[in-house]
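Since the structure comes first, as structure tokens, the remarks are kept for the end.
Throughout, read-outs are computed from the coordinates displayed, never taken from laboratory work. Keep in mind that this is a model prediction, so the values were computed, not measured. All Cβ positions, even for glycine, are placed from backbone atoms using ideal geometry, and neighbour counts span all protein chains on display.
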Amino acid sequence: MENKKKYYLYDLLILLLVVAASAYPLYMGIKVRGVMARDGAVPVEEYPKYIIPYTPIAVAVIIGTLLFPLIQKLSKKLDLLWAAVIGTAVFFAAERYLETKVLVQTVVEVPLEGWQMALCYIPPKEYETRTWEAVDVLLGGYSPAFKLHFYLISVVIIVALLNSIYGFAKIIRTGENKRRKALAMQTFTALAFLGMCIWACFTSFYRTGEITVSPLSSVLMAVFFALLGVTMGIFAGSLTLGKKRFLSVAVPTVTAVVATVAMYIGEMILLSGNLYRFGEGFFFEPLGVLVLAPIDIVIVIAAGAITGIICLILNRKKL
């Protein structure tokens, strides 16, 4: 009975916390919907920066949190799988709505600092006459596939946060603590990654429109890519905790590597077959026909290695 009271108290508190943390993304969505209802379209100056993808992310996490008592009651073993599926489905439904139903009054001229955000809402045909030459090498031709990296980032945030929320709820309900450290690590990586995403929204990590970025940008982007992989790897590791070494260490490590590579693919699509370069010289140049440079391969390996070490530590008493 005591655990049940704690469980429902946790349910209420975590829901309030998630809603409070989502206040601004929700406000952005409500504001845009109100302007649409009033005017039929949203002036570009009133379109909140990065409403895509953060409002859909917020809605997905809120719905997933709201439903977790029901989901955990109906499915004790596959609750996280259902949460991930439902959360991801809600995200793509909300994302689809914002992409197709919200009309933005735009102009062809787009300032350098807004070009990536502009791709989220400017109709493809308007790119045929674009005039912002400073970013032509980065933009290339318009392709909706550029959003692959936005989608990947969004799904990583959603499943990692729901993993933490559902995992700690199950600990409270059952009293089983074996996943506590893994979930604490998942919470840390998820919040750190979310923080870096928000930082990137306001600064784009200090890029200036050139393919070769500054040392500061290079470091921040490298950490961002690796952290995405580690966050997804820890997600897999929290599910395979206590299993045989292959499952508990190798699977999370491979997951981290695959997620990081997928992020690179998303960036390559965004930049029309190019990648940002973190410096000059052999270590930073593409390897022949391979778009990746040695530094990029090091980042991918680092994501897997960090994940593997963390999972070894989490499983050392169980292997």
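Pairwise Cα distances in region 226-288 exceed 18 Å in 50 percent of cases. Counting neighbouring beta carbons within 10 Å and listing from fewest to most, the residues Y276, Y47 come out as Y276, Y47.
Phi-derived couplings, Karplus 6.51 cos²θ - 1.76 cosθ + 1.60 at θ = phi - 60°, listed residue by residue for region 36-42: 4, 5, 7, 10, x, 7, 10 Hz, with x used for Gly and Pro.
Annotation for V19 and L287: the two label points, set 7 Å from Cα along the Cα-Cβ direction, are 5.1 nm apart. With a threshold of 24 Å on the Cα-Cα distance, the over-threshold entries among K4/K76; K5/K73; K5/K244; K76/K244; K49/K181; K73/K244 are K5/K244; K49/K181; K73/K244. Amide H contacts of R277 (H built 1.01 Å from N, in plane; Pro and chain starts excluded): T212, V213 sit under 5 Å, all sequence-distant by 5 or more or on other chains. Between V42 and L103, V104, Q105, the built amide H atoms are under 5 Å apart, and every one of these is 5 or more places off in sequence or on another chain. Rounded to the nearest Hz, the phi-derived 3J(HN,Hα) couplings of region 171-177 under the Karplus curve 6.51 cos²θ - 1.76 cosθ + 1.60 (θ = phi - 60°) are 4, 5, 6, 9, x, 7, 9, where x marks glycine and proline. In terms of surrounding Cβ atoms within a 10 Å radius of their Cβ, D11, D296 rank from fewest to most as D11, D296.
Counting Cα-Cα pairs of region 1-103 in 5 Å increments starting at 0 gives whole-percent bin shares of 2, 13, 19, 20, 16, 12, 8, 6, 3, 1, 0.
Using only alpha-carbon positions, what ratio does the radius of gyration of region 177-319 give when scaled by 2.2 N^0.38 Å? Numbers along the way, then the final one.
On the way: Rg = 16.2 Å, N = 143, 2.2 N^0.38 = 14.5 Å.
Computed over Cα atoms of region 177-319, the ratio equals 1.12.
Once the C-beta distance of E176 and A305 is scaled by a Förster radius of 25 Å, the resulting FRET efficiency is 0.25 to the nearest 0.05.
The alpha carbon centroids of region 214-265 and region 158-183 are separated by 19 Å. One Cα centroid belongs to region 15-32, the other to region 288-304; the line between them spans 37 Å. For the pair K244 and F188, the difference between a 0.36 nm per residue extended length and the Cα-Cα distance amounts to 17.7 nm. Computed with the Debye formula from one identical point scatterer per Cα of region 1-48, without solvent, the log10 of I(q)/I(0) at q = 0.28, 0.29, 0.30, 0.33 Å⁻¹ comes to -0.93, -0.96, -0.99, -1.07.
Taking the Cα centre of region 156-301 as origin and assigning +1 to Lys and Arg Cβ atoms and -1 to Asp and Glu Cβ atoms, the resulting dipole is close to 1040 debye.
How do F202, F188, F224 rank when sorted from fewest to most other Cβ atoms within 10 Å of their own Cβ?
Numbers: F202 9, F188 13, F224 18.
The fewest-first ordering by Cβ neighbours comes to F202, F188, F224.
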